[in-house]
1. Along the Cα→Cβ direction, 7 angstrom out, place labels at residue 450 and residue 412. What is the inter-label distance in nm?
2. Counting other C-beta atoms within 10 Å, which of 142, 114 has the fewest, and how do the rest follow?
3. Once the piece of chain linking residue 291 and residue 599 is laid out straight, how much longer is it, given 0.36 nm per residue of separation minus the C-alpha distance between them?
4. So what is the relative contact order for the chain, in percent, with contacts set as C-alpha pairs under 8 Å and at least six apart?
5. Taking the number of other C-beta atoms within 10 Å as the exposure measure, put 560, 450, 582 in order starting with the fewest.
6. Gain in length, residue 529 to residue 302, computed as 0.36 nm per residue apart minus the alpha-carbon separation, to one decimal in nm?
7. Helix-only estimate, please: 222 nm mean residue ellipticity of the chain, summing -39500 (n - 2.57) across DSSP H runs of length 4 or more and dividing by its residues, to the nearest 500.
8. Got a sec? How would 502, 141 order by Cβ neighbour count within 10 Å, fewest to most?
């Protein structure tokens, strides 16, 4: 099967389908100007272990998964114009690490040859803080996860690759339209004092101190809508650092809500420059517009969904022109920046990566991080040799006014964060995406967009910053914001002139795209496979309580519920790490229809929650709840749990299914 796919895709690389369909290169060029492309879309599951795996985002060692509210998915789009093609993927994860970028490209090379490469594949994430972590090959991002988690890594790499290949298999002639809207009640500036340090010309662009722009690509085939990509800047932190259920957060809810209307529609909600944009409208964790984190997730997600629909419905601008891409690697720790990109007009350089003291405290608006109870040690940190490496005087000077806490880039045997980073510029007709491996504040994003738009000679609104792309290196602030040393500035790794370096390098990519030139690939990033260890305990064995078996119901649901109430059942279960059930489910709600049981919800649905908990050394329970929707049909229902248990003698893992008694919804 793999050989067949590789042969098919290699043939596609040699002679793009759209070119043959449209009759050759000249016909393909005419089709580009007429707005006809090949478009395809795909979805796949990237959910990691649903129990005892650290979550990525808040850096809280005690925040380990204990169930699922919303599975995390990857959504992929492929757009081809007959000569070139690009892949766009948004995964519902905390960060897109360089290890994942490398792993996906390796797998694509196995099945696709040279059709999809680092040049034309753009991977990014929603930045939910409620997904599994541990899939980075750099120590800084595995510290709170207690090391590298291979299960998480494989789930992410395999899922993203599946989404891309499904999008490729879905390719067919279609059209793309561009729409825009404004959304002002789904974000707030969490670093206003730093924002206010920027020049008036920058602040005037954002009179509410937020980026309210909503940009949508609307995909159609044969007169039917098949998908959309929506860009809007707000953090994935509606779920707080006390939550332990895997969740795709507000952007995940927005995608879920749209896709519920049409099972064949793919709704992708991507980030832009959201570094200082919080969804917590009252500027404290889990607050605004309510004090319930689940309700806030739904409301902020619903507002993005409705704004996306407005932009979608108003998408009367046909996307025409070429598909193009430029990409290179840059060592961001040693960029010489020309004076035309710096505030004082002088040449400056970036420096070795380091984090500041205020970064360790976290963002108080979205949730503090890194606390360790007194006397508790982190075995992964001990294995690394500790975090108290001396800060050289030259580095302290280079990072000023940052007070350096940990010199990530100076750690041994290799840095704790990547410094050779991918920068990418992608064109889809008149829309350009400046894809960077960081969290850009709104003014930082504005300056990159202005630089690219000026170089290309295109309207500013046609250039977006695609953050969280192809790797992760924390924040990018303006030099003025950097001086404030708020959380974002303390997390800007390569010093005060990090943003000017990005402006310069993106301008270089834009100049190459404008002139039709290629760009040198730059230095090769490290491949750190096998360099990290894991101190998170695995599954030794599972046991059922005396007199019970796996799948037995410990607590049955009530016999009758009304719409709006919550049905629940508790089952004897095994550890979710035995089988992640990626692409499947741990939980089902079934309804009896004409004597047969049909699934109406699973653990990808907003109405369900799957809670896992230890009840003993090797025993555990699964509690499945269903918030009965107000439009649920009256009738007979039941709750079903799928799980797996590990035999302590043989190591064999066996699947089981448990079913509750039936109950009536009236």
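Coordinate-derived values only; no laboratory data. Note that the structure is predicted; figures quoted are calculated from it, not measured. Cβ sites come from the backbone with ideal geometry, for glycine too, and all protein chains shown count toward neighbours.
1. Distance between label points: 4.5 nm.
2. Numbers: 142 27, 114 12.
Fewest to most other Cβ atoms nearby, the residues stand as 114, 142.
3. Working: separation 308, 0.36 × 308 = 110.88 nm, distance 3.23 nm.
Roughly 107.7 nm would be gained on extension.
4. Numbers: 1756 pairs, mean separation 98.2, N = 666.
That works out to 15 percent.
5. Values: 560 11, 450 15, 582 18.
Ranked by crowding around the Cβ, least crowded first: 560, 450, 582.
6. Details: separation 227, 0.36 × 227 = 81.72 nm, distance 3.98 nm.
That pair, residue 529 and residue 302, stretches by 77.7 nm at full extension.
7. On the way: 16 runs with 166 residues, N = 666.
Mean residue ellipticity, 222 nm, calculated: -7500 deg cm²/dmol.
8. On the way: 502 31, 141 26.
Placing the least packed residue first, the sequence is 141, 502.
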